[in-house]
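The values are calculated or read from the model by the stated rules, or taken from the named source; none is laboratory data. Because the structure is a prediction, the values reported are computed rather than measured. FYI the Cβ positions are ideal-geometry reconstructions off the backbone, even for glycines, and counts take in every protein chain you see. Quick note on the areas: whole protein, heavy atoms, side chains included, nothing else; ligands and nucleic acids left out. Shrake-Rupley method; radii C 1.70, N 1.55, O 1.52, S 1.80 Å.
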Amino acid sequence: MLYRVVEYDSGPKGMPGMEALINEWAAKGYRLDQVVRRSTYQWLLIFSSLS
């Protein structure tokens, strides 16, 4: 199974773009498996390939 790790910085305004990022990767054929909080504003999103 192929995995992709994507860094996301939500910044002080919150996470309105995280859903768009998840949808973007879903359109590429990936499923969100795990979200890891690294700090107040930094996240790692771990996706796995659906194929």
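A few remarks follow.
- Rounded FRET efficiency, nearest 0.05, which uses the C-beta distance separating residue 9 from residue 34 and R0 of 30 Å: 0.95
- Accessible carbon and sulfur surface of the chain relative to its total accessible area, %, 1.4 Å: 52 percent
- The value given for the chain is a Kirkwood hydrodynamic radius of 11.2 Å, derived from the mean inverse Cα-Cα separation.
- Using a probe of 1.4 angstrom and keeping all protein chains present, the accessible surface of the chain works out to 73 square angstrom per residue.
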